[in-house]
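The values are calculated or read from the model by the stated rules, or taken from the named source; none is laboratory data. Just so it is clear, the model here is predicted, and its values are computed rather than measured. Just the protein is used for accessible areas: all its heavy atoms, side chains included, with ligands, DNA and RNA removed. Shrake-Rupley method; radii C 1.70, N 1.55, O 1.52, S 1.80 Å.
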Amino acid sequence: MSTGVIIALIVVVAVVLVAAAVLALRARGPQHGGSLKRRFGPEYDLAVARHDGDTKAAERELTERVRRHGSLRTRPLESAERERFEARWTAAQERFVDSPREAVAEADRLLAELAGARGFPDGGQYEEQLTALSVHHAHHVEGYRRVHRVTHARVDDARDGGGAGTEEMRSSMVEARALFEALMRPARHDGDGRRRTGTGTEAGEPAQAPAPTPAARAPHGWSLGKRRTKES
């Protein structure tokens, strides 16, 4: 083999290796640094705080979440399922007037069941389900975390005055409604021709919608803690 041929082969191999490296970096790009922060929003900040400010450790955790759950494709809800979930949520909101803690507990159960029905990990695996939800609904998952925390707080905490107060329960319920609506919304691949909006994403897509504000209103024109006026 001549020297010229050997040099040509070396050049070709070098070009191939450089191209492969560039493609690998592009593939990894959305899972690191600024892209992770855009995708996860408040969840990114929580992960950094959980790792005592170590952004590298937080980004490794978030990248692992995407690796495990980023390709999850949600299952569409049947019309009867959708109506049943909506009716249960409305009933829970109305129950809040007289039994706020029971209403929040129902919201916690309902979100777990709804997420399971959409194809996320079963609600019996709360941490795994929450992790998967954070990949696809990063800007809305905090409401679920809050109602779950209130629901599973020790009874003694409430008796001693250390449990969640009514205002905190009301706020968590309103915030949880955002995740409920996101999970009820048809996904792009549900096959109904409707384009999905909100923060749920396809695998690898960053979330786009802003986080819900505490002032978000409850549906049907009424707020938690206030009785709904009788319709004429």
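At a glance:
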{"item": "Accessible carbon and sulfur surface of region 40-155 relative to its total accessible area, %, 1.4 Å", "result": "49"}
{"item": "Under the Debye formula (equal points on every Cα, no solvent term), log10 I(q)/I(0) of region 43-93 at q = 0.16, 0.29, 0.31, 0.32 Å⁻¹", "result": "-0.67, -1.01, -1.08, -1.10"}
